[in-house]
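Values quoted throughout were computed directly from the atomic coordinates according to the rules given, and no laboratory measurement underlies them. Predicted model, so just to flag it, every value in this text is computed and none were measured. Note that each Cβ is placed from the backbone with ideal geometry, even for glycine, and that neighbours are counted across all protein chains shown.
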Amino acid sequence: MAKVLHIFAHPGQGTSRVNLALWKAAQSVDGITGVDLYAVYPRYDIDIDVEQQRLLDHDVIVLQFPLFWYSCPALVKEWIDLTFEHGFAYGQDGDCLKGKHLMLALTTGGPHGAYSQQGYQHFELRTFLTPFEQTARLCQMGFPAPYVQFDALAADGADHARGFTALLTALRDDTFDFRRAGEAELLTHDTLPLKEGARP
Ligand SMILES: Cc1cc2nc3c(=O)[nH]c(=O)nc-3n(C[C@H](O)[C@H](O)[C@H](O)COP(=O)(O)O)c2cc1C
């Protein structure tokens, strides 16, 4: 069994449809540590020791958020800035995250087709996520393909939420195929890479 840390970050939960549904669905998966980041740190006063200990205690870190201006909501950035410290996460002797996995679970307002050279977002979604990928790499962490719901304002989100509980369960039970997830561009509820013989 892997230890999974699920960090949920949405500053406007009163209007969230998809992300809040994922957060609620995740509560039904036993053995996952869930943290509602904006509820814990409404004033952005992140406790670095607590957060670093959380990272040390888990094997897979799932960061769940809506895409805001082609990146994460501000508190997620602050959390990374403060907890992924030099000497802890990277740099000389900073290898505390080595061998762990950083996985993104995100939603976008824009539709899939907009995220291409020809589309109005001009870039693939993965291009916008490069800073996260390189952050993971610098910290010697794995970076499986992000789990994505495009067009979240139009989507009803139920499949995405069901897929998310399946994803958390597979991560926990070591039935998630990290090798295939590392080769994929993006993951959706119907393209979760499970190890052979594992049931969805
Ligand atoms: C401040 C802000 C910035 C946003 N930036 C983007 C963006 O860069 N790209 C995009 O596709 N959607 C963007 N959106 C739309 C959100 O990603 C979308 O509303 C969210 O994924 C829906 O999830 P929810 O139902 O959980 O709120 C933005 C929304 C807000 C409020």
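Brief remarks follow.
- By the count of other C-beta atoms within 10 Å, a proxy for reagent exposure, M103, M1 are ordered fewest to most as M1, M103.
- Modelled this way, with points 7 Å down the Cα-to-C-beta line, the labels at R180 and Q134 are 3.1 nm from one another.
- Stretchable slack from Q117 to K24, in nm (0.36 nm times residue separation minus alpha-carbon distance): 30.0 nm
- Inter-label distance, T15 to L56: 4.0 nm, where each label sits 7 Å from its Cα along the C-beta direction.
- Only beta bridges with both residues in the stretch 33-133 are counted; by DSSP, about 10 percent of them are antiparallel.
- Per-residue Cβ neighbour rank within 10 angstrom, fewest leading, E183, E196, E78: E196, E183, E78
- Lysines with Cα under 30 Å of K77, excluding same-chain neighbours fewer than 8 positions away: K3, K24, K98, K100
- Fraction of beta bridges assigned by DSSP in the chain that are antiparallel (%, nearest 5): 10 percent
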